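Enquirer: Can you read through this structure? Questions will come right after.
The values are calculated or read from the model by the stated rules, or taken from the named source; none is laboratory data. This one's a predicted model, so the numbers in the text were calculated from it and none came from an experiment. Glycine gets a Cβ as well: all are built from the backbone with ideal geometry, and neighbour counts include every protein chain shown. Note: areas computed on protein heavy atoms with side chains; ligands, DNA, RNA excluded. Shrake-Rupley method; radii C 1.70, N 1.55, O 1.52, S 1.80 Å.
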Amino acid sequence: MTTGSYDVPGLPERVTLYEVGPRDGLQNEPGVIPTDTKARFCRRLLAAGLPVVEATSFVHPRWVPQLADAADLMTRLVDDLGERARELPVLVPNERGLDRALELGCRHVAIFGSATETFAQRNLNRSLDEQFAMFEPVVRRAREAGLDVRAYVSMCFGDPWEGEVPLAQVVDVGTRLLDLGAAQLSIGDTIGVGTAGHVQALVSAFGDRGVGVDRLAMHFHDTYGQALANTLAALQSGITTFDSSAGGLGGCPYAKSATGNLATEDLVWMLTGLGIEHGVDLDALVATSAWMAEQLGRPSPSAVVRARSGSAV
Ligand code: HMG
Ligand code: MG
């Protein structure tokens, strides 16, 4: 079933979807997912037309055991996909992570900072200020090696320990990460508490500090059911890169109140309805998430996956 498309004036004509399911989604699974299954998940997401698929994290394996097979997965993907696998972004928190990514020839890496003191401690074992000292040589060396660097900033709308996070604090951390040399900043609503006006206020606060929408991406988790409304608000502000996870998988192991990301299928459905180009084959994506839900042994939380799989609509 389709419902046609109805343009809303003033929205972008096309957007880039940055798929985080294999990383943000699978980092939070209670069980161990076989490397083969992860590789197949990545291949199917690429085949469904997703232009960017973040594959894994070179974090400490004791901190995120679910992704301890990062090197094996990347090796498998290089065997399967050749050079294209090296274009898949991977998370690297520190120089050790960067070394591991460089050994495998990865071309796109992402650092991940925190807008709050408490989450910096819990997620990175560093203070808010110390995180920049950890990231500085990562970004410098990555750029010297010709890599593309993205920076995430987490807890941009609220923090489970510190409550609401002031706009200026998020902009301070975000601009410091960009000043290190990151090309793009992904604004994380890690625990999914943001609302539409807050999104527009934050984008505007970045604009006031000289950071245009071309350097920003939005990374919404859907804990409070606001992710699509927030996406529409971000589109109205001119944002054109959106992170999402196939089937709505995910969460953050160091923020227990975080649930999955905005489901890529739900995002694709809305974008198609708005006549915004995204390049994704929805049927292939739904089939991928339905298959992944079988592997994980539970239904997908995505409304669109539930509506479309196992029925004729
Ligand atoms: P640490 O314990 O402070 O590390 O952890 P350290 O620098 O003190 O090193 C201790 C030992 O760990 C050393 O070994 C290092 O070599 C080793 P030793 O010399 O004692 O034998 N080590 C490593 N080994 C492998 N790979 C590495 C690595 N680093 C050190 N990369 C660290 C600091 C940053 C490593 C740790 O806190 C960590 O791994 N944190 C990751 C947490 C994480 O992955 N969280 C989820 C991702 S963030 C997220 O999901 C949010 C996001 O989606 C956006 C949003 O939603 O907001 C991005
Ligand atoms: Mg996340």
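Enquirer: Enumerate the strands (runs of 3 or more DSSP E) found wholly within segment 183-298, keeping only those where 3 or more residues are modelled with pLDDT of 95 or more, within 16 Å of ligand 2 (Cβ to nearest atom) and hydrophobic (A, V, I, L, M, F, W, C).
Expert: Fully inside segment 183-298 and qualifying: 216-220.
Enquirer: Looking only at segment 42-90, which residues are within 14 Å of ligand 1 (Cβ to nearest atom), touching an Asp or Glu at 6+ places or on another chain (Cβ under 9 Å) and part of a helix (DSSP H, G or I)?
Expert: Hits for segment 42-90 are Gln66, Ala71.
Enquirer: Can I ask one more? Restricting the search to segment 146-182, which residues are closer than 13 Å to Ala110 by Cβ and in a strand (DSSP E or B)?
Expert: If the condition is that a residue be closer than 13 Å to Ala110 by Cβ and in a strand (DSSP E or B), then Asp148, Val149, Arg150, Ala151, Tyr152, Val153, Ser154 are the ones that fit.
Enquirer: Tell me the residue from Phe157, Phe119 that is within 15 Å of ligand 2 (Cβ to nearest atom) and touching a residue at least 60 places away in the same chain (Cβ under 8 Å), please.
Expert: Phe119
Enquirer: Still on this structure: Which residue pairs have Cβ atoms under 8 Å apart, sit 6 or more places apart or on different chains, and have a first residue in segment 170-186 that is among the polar types (S, T, N, Q) and a second that is in a helix (DSSP H, G or I)?
Expert: Thr175/Phe206; Gln184/Arg215
Enquirer: Tell me, yes or no, whether segment 91-105 has at least one residue that is open to solvent by less than 40 Å² (accessible area, probe 1.4 Å), of a type in the set (Gly, Ala, Ser), touching a residue at least 24 places away in the same chain (Cβ under 8 Å) and not in a helix (DSSP H, G or I).
Expert: Scanning segment 91-105, I find at least one residue that is open to solvent by less than 40 Å² (accessible area, probe 1.4 Å), of a type in the set (Gly, Ala, Ser), touching a residue at least 24 places away in the same chain (Cβ under 8 Å) and not in a helix (DSSP H, G or I), so the answer is yes.
Enquirer: Let me ask something else. Within segment 173-216, can you find the residues that are among the polar types (S, T, N, Q) and under 17 Å from the mean Cα position of the chain (by Cα)? If you could, list the steps in order and put the result at the bottom.
Expert: Narrowing segment 173-216 to residues among the polar types (S, T, N, Q): 175, 184, 186, 190, 195, 200, 204.
Passing the criteria: Gln184, Ser186, Thr190.
Enquirer: Continuing with this model, one more query. Please go through (1) assigned to a loop (DSSP other than H, G, I, E, B); (2) closer than 19 Å to Leu50 by Cα for Val304 and return the number of the only condition it doesn't satisfy.
Expert: (1)
Enquirer: Next up: Starting from segment 42-68, take each residue that is open to solvent by 10 Å² or more (accessible area, probe 1.4 Å) and modelled with pLDDT of 95 or more and list its partners that are charged (D, E, K, R) and within 15 Å of ligand 2 (Cβ to nearest atom), counting only C-beta distances under 8 angstrom and pairs at least six apart or across chains.
Expert: Within 8 Å, the pairs are Val52/Glu19; Gln66/Glu29.
Enquirer: Take segment 3-41 and flag every residue that is within 16 Å of ligand 2 (Cβ to nearest atom) and either open to solvent by 30 Å² or more (accessible area, probe 1.4 Å) or outside any loop (DSSP other than H, G, I, E, B) (or both).
Expert: The initial filter retains those residues of segment 3-41 that are within 16 Å of ligand 2 (Cβ to nearest atom), namely 17-29.
Once the filter is applied, which keeps residues that are within 16 Å of ligand 2 (Cβ to nearest atom) and either open to solvent by 30 Å² or more (accessible area, probe 1.4 Å) or outside any loop (DSSP other than H, G, I, E, B) (or both), segment 3-41 yields Leu17, Tyr18, Glu19, Gly21, Pro22, Arg23, Asp24, Gly25, Leu26, Gln27, Asn28.
Enquirer: Just checking, how many residues over segment 140-160 are closer than 16 Å to Ala120 by Cβ and more than 10 Å from ligand 1 (Cβ to nearest atom)?
Expert: Of the residues in segment 140-160, 3 are closer than 16 Å to Ala120 by Cβ and more than 10 Å from ligand 1 (Cβ to nearest atom).
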